[in-house]
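The values are calculated or read from the model by the stated rules, or taken from the named source; none is laboratory data. The shown structure was predicted, so the numbers you read here are calculated from the model rather than taken from an experiment. Cβ placement follows ideal geometry from the backbone for every residue including glycine, while neighbour counts extend to all protein chains displayed. Ligands, DNA and RNA are stripped out before the accessible areas are found, and what is left, the full protein with its side chains, is counted by its heavy atoms. Shrake-Rupley method; radii C 1.70, N 1.55, O 1.52, S 1.80 Å.
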Amino acid sequence: MPIRIDTRTSAVVTATIREWARAVHPGGTGSIVPALQPEDMERIFRRVIGELLELAGSEPFPVPAARAIGRQLAESPFERTRMLAPASRALLGLAPGEPGSLIATRWPFIASQAIDSYAEALQQRALAQQERSLSEAVSVRVQEIAALQTRLRHEATHDALTDLANRSLLKERVRMMATDSARGVGLLLIDLDDFKQINDGYGHSVGDEVLVTIAQRLRSACPAETVIARYGGDEFVVALPARRNSLGELAMRVLAVLCEPVPTAVGPVPASASVGTAFCPPGRDCDFADLLRSADRAMYSAKTAGKRQFAVSELDPEEVDSGPATARFAAVAG
């Protein structure tokens, strides 16, 4: 059954299609594919986006089908390398569906898979041409496509401001961590205290400086196996293979580095954070949404108790190897 597209998404798709068509066929002599008219472009682009939206709303997650659509883009008349950049901007920049919906959640992966496959097909075509001609110009083009492909893959899974993992990559990495039979999955939800006051008092550019510095400090405080994600405007999530008793130590280390003033263009800006931790034992089904909710409840407990501290989520009754939770909160000095 075809998916139903809401009015907002339909308008966004139409605007994206027109912008895409203008990018490849602006008129005059600058068109990438002069043989086709803009209306022909729009018809083809609408079909491509429609097929990808159908995949985003289907079960199970159809990676092969998304990649097949991407390979189709590499056929004539779109086999030109110059088509890759406008296609990437259009598909990766599209934000369909309501926030939190299945389509909105899956679209970044669906679009990145299609673009990734498109880039691979162009690369393979260029490699075949290189074998025929052995020309240096083709070799340079292959390298450019490979570099662009790597960059696009990174951009699809990382936050543009902080270069931390985005939600999609975080969920995938937690799923992989849960396959470790020796260690559980630990999660820290970090919320900056009074960040709105920083934006309101110093301006959003200073707020961005603070977020970038916070990301750098998190990298310095966390072990190598950790995945660090920017989960919201001023929320960060840290996930790692761990044992429950190690999370408190990490939370204290995180609080310590985040509660130092942040140097900015306007001078030092006070900063602090509240942290909630959650844990999924090894050998148990690890539901990311449940784990995040547990960490979120603990974080709000820490926030309510006075900020600049962390709270541990309640112990799971089935964790028979863990003792009772005698201390719920811990705070940094200052």
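Selection over region 91-120 of residues that are open to solvent by less than 20 Å² (accessible area, probe 1.4 Å) and either of a type in the set (A, V, I, L, M, F, W, C) or assigned to a loop (DSSP other than H, G, I, E, B) (or both) gives a count of 10.
When region 242-255 is filtered for residues that are open to solvent by 50 Å² or more (accessible area, probe 1.4 Å) and under 17 Å from Ala273 (Cα atoms), the ones remaining, listed by number, are Glu249, Met252, Arg253. Of all the numbered requirements in (1) modelled with pLDDT of 80 or more; (2) of a type outside the set (S, T, N, Q); (3) open to solvent by 80 Å² or more (accessible area, probe 1.4 Å), Leu134 misses one, and that requirement is (1). Conditions: (1) at pLDDT 85 or above; (2) surrounded by 14 or more Cβ atoms within 10 Å (Cβ to Cβ); (3) within 30 Å of Val142 (Cβ to Cβ). Phe78 meets all but one. Number of the miss? (1) is the only condition that Phe78 fails. Just to be sure before I move on: is Glu260 surrounded by fewer than 23 Cβ atoms within 10 Å (Cβ to Cβ), over 13 Å from Gly186 (Cα atoms) and of a type in the set (D, E, K, R) in the structure I sent? Yes: the conditions hold for Glu260. Candidates Ala333, Ala265: the one that is touching a helix residue (DSSP H, G or I) at 6+ places or on another chain (Cβ under 8 Å) and either more than 30 Å from Gly203 (Cβ to Cβ) or at pLDDT below 95 (or both) is Ala265.
Among the numbered criteria (1) open to solvent by less than 30 Å² (accessible area, probe 1.4 Å); (2) within 19 Å of Ala265 (Cα to Cα); (3) in contact with a Ser or Thr (Cβ under 8 Å, 6 or more places away or on another chain), which one does Ala239 miss? The number of the failed condition is (2).
Kindly evaluate Ala121 against the criterion of being at pLDDT below 85 and touching a Lys or Arg at 6+ places or on another chain (Cβ under 6 Å). No; evaluated as a whole, the condition is false for this residue. Scanning region 246-266 for residues that are assigned to a helix (DSSP H, G or I) and without any contact (Cβ under 8 Å) to a residue 60 or more places away in the chain turns up Glu249, Arg253, Val257.
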